[in-house]
Amino acid sequence: MQIRDIDSIDTVACVGAGTIGGGWAAYFLSRGLRVRVWDPSPVAEEKLRRLIDSAWPALTRLGLAESADKDAWSVHTDLAEALDGAGFVQESAPEVLEMKQELLAGIARAAADDVVIASSTSGYSMTDMAALAAEESIADRLVVGHPFNPPYLIPLVEVVGGERTAPDAVGWAAKWYDVIGKSVIRMDREVPGFIANRLQEALWREALHMVNEGEATVDQIDRAITDGPGLRWPLQGPMLTFALAGGEGGMAHMLDHFGPSLLSPWTRLTAPELTPELRDAVIAGCDDEADGRSFDDLVAARDAAIIDIRRVVGELRSSMPGAAEGAGAQTSPQPNGQRSDGGAA
């Protein structure tokens, strides 16, 4: 299929101007693009202006494109009018499957033939959402471009096509998001909820179980993450974190030594069987992510990052409105290795 050259795109369309759609609009503006927004709500323009004004200081701190203009947008109630001249479309309508099916088919009919159309859906597969478009044979350029809220601030975008999506459209979308500054995961296959939401949902469900059973309070659960594994995750995700927990033996040692604990009742989720194939795949993936860095290199990078993160988090906590004097001190490490509350680090 023929797809528009990325370098030629100066205008995009955002279909839906809610929290996600409006966030996308703000981000596109910060990248120097003009934005045409479709939303039937009579208060869409007013709400979008407030959202953009609110997001702009953060976007300015992140760094604006030279041609960025926070006023380079317009709101339309006619879909074809909103799509006119757009070189890319980001759909962010409410999570109602029938609505998305009709809307995506309508966009595919009205947009130029060489324009890729992405959906911000947080869980539906493109195969399901493209059902009506597939009946009309116009589903080849429909892809999922799943962001994280707020999309103007969080870099992750998960990209995946449906059964009727052309591979070229998926590849183009992944490159487009990369060019405009996003961190892109191009998924190999459709999975309900994608990757990040499934991981986030697993943690959320277990947290609800613990509260429901009286096993932990909300505060205990939140601090268990913010003052525990959450400090490691910004630099090294859960897989590489566990690989380092295996010491110099890496993930192989971790799986062989702690593999039996997968059968322990540490979570309500049922663990998969640790087959040789799964073991090898996890080890190989960690080796690829390490990319030649030694165990000592990875540990040093992790430790330095955690110190920096703890210092920043401690400063942010102490400066938050209503923070008590000394709040956050226990997460601010001191140069001598002692906690500022006098305890051992």
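The values are calculated or read from the model by the stated rules, or taken from the named source; none is laboratory data. Computed from a predicted model, the values in this text were never measured in an experiment. FYI the Cβ positions are ideal-geometry reconstructions off the backbone, even for glycines, and counts take in every protein chain you see. What goes into the accessible areas is simple: the full protein's heavy atoms, side chains included, and nothing from ligands, DNA or RNA. Shrake-Rupley method; radii C 1.70, N 1.55, O 1.52, S 1.80 Å.
Summary table below
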| read-out | value |
| --- | --- |
| Within straight-line cross-link reach of LYS47, lysines at Cα separation under 16 Å, skipping those fewer than 8 residues along the same chain | LYS70 |
| Value of relative contact order over the chain, rounded to a whole percent, pairs C-alpha under 8 Å and six or more apart | 11 percent |
| Computed magnitude of the charge dipole of the chain (debye, nearest 20; Cβ of K, R +1, Cβ of D, E -1) | 820 debye |
| Computed magnitude of the charge dipole of the stretch 80-161 (debye, nearest 20; Cβ of K, R +1, Cβ of D, E -1) | 220 debye |
| Spacing of the two label points (7 Å from each Cα toward its C-beta) at THR77 and GLU102, in nm | 1.7 nm |
| Theoretical gain in end-to-end length, ASP178 to THR217 [0.36 nm per residue, Cα-Cα removed] | 10.1 nm |
| For the chain, share of DSSP beta bridges that run antiparallel, in % to the nearest 5 | 25 percent |
| Residue-averaged 222 nm ellipticity for the chain, from DSSP H runs of 4+ at -39500 (n - 2.57), nearest 500 | -14000 deg cm²/dmol |
| Cα gyration tensor, the stretch 68-159 - rounded (a/c under 1.5), prolate or oblate | oblate |
| Farthest toward positive dipole pole in the chain [+1 Lys/Arg, -1 Asp/Glu at C-beta], among ALA55, SER125, GLY85 | ALA55 |
| Electrostatic dipole magnitude of the stretch 238-306 [Cβ: Lys, Arg +1; Asp, Glu -1; Cα centre; debye, to 20] | 380 debye |
| Antiparallel DSSP beta bridges within the stretch 88-230, as percent of all bridges there, nearest 5 | 30 percent |
| The chain - accessible surface per residue (Å², probe 1.4 Å) | 55 Å² |
| Estimated vicinal HN-Hα couplings, Hz - the stretch 100-113 in sequence order (Karplus 6.51, -1.76, 1.60; Gly, Pro = x) | 5, 4, 5, 5, 5, 5, x, 5, 4, 6, 8, 6, 4, 5 |
| Residues ASP5 and ASN149, FRET efficiency given R0 of 30 Å [Cβ-Cβ distance, rounded to 0.05] | 0.50 |
| Length-normalised contact order of the stretch 11-114 in % [C-alpha pairs under 8 Å, at least 6 apart] | 37 percent |
| Distance between the stretch 229-285 and the stretch 110-188 - C-alpha centres, whole angstrom | 31 Å |
| Three-way shape call for the stretch 174-292 based on the alpha-carbon gyration tensor, with the a/c threshold at 1.5 | oblate |
| Protection-proxy order for peptides 213-223, 80-90, 176-186, 279-289, each taking the mean of Cβ atoms within 10 Å per residue, highest first | 80-90, 176-186, 279-289, 213-223 |
| Cut-off under 5 Å, modelled amide H: who pairs with ARG34 long-range | THR11, VAL12 |
| In sequence order, calculated HN-Hα J values of the stretch 275-285 (Karplus, 6.51, -1.76, 1.60; Hz; x Gly/Pro) | 7, x, 5, 5, 4, 5, 5, 5, 4, 4, x |
| Positive-pole candidate from SER41, ALA290, GLY314, dipole of the chain, charges at beta carbon | GLY314 |
| Whole-Hz ³J(HN,Hα) from phi, Karplus 6.51 cos²θ - 1.76 cosθ + 1.60, for the stretch 33-38, glycine and proline x | 9, 8, 10, 10, 10, 10 |
| Tensor-based shape of the chain (alpha-carbon gyration tensor, a/c under 1.5 rounded, otherwise prolate or oblate) | prolate |
| Rough spin-label spacing in nm, given labels placed 7 Å along Cα→Cβ, for LEU199 and LEU269 | 1.0 nm |
| Those GluC sites (Glu not before Pro) in the stretch 111-197 that DSSP places in a loop and that have at most 11 other beta carbons within 10 Å | GLU136 |
| Share of carbon and sulfur in the accessible heavy-atom surface of the chain [1.4 Å probe, %] | 53 percent |
| Amide H partners (placed H, <5 Å) of PHE88, local residues excluded | ALA13 |
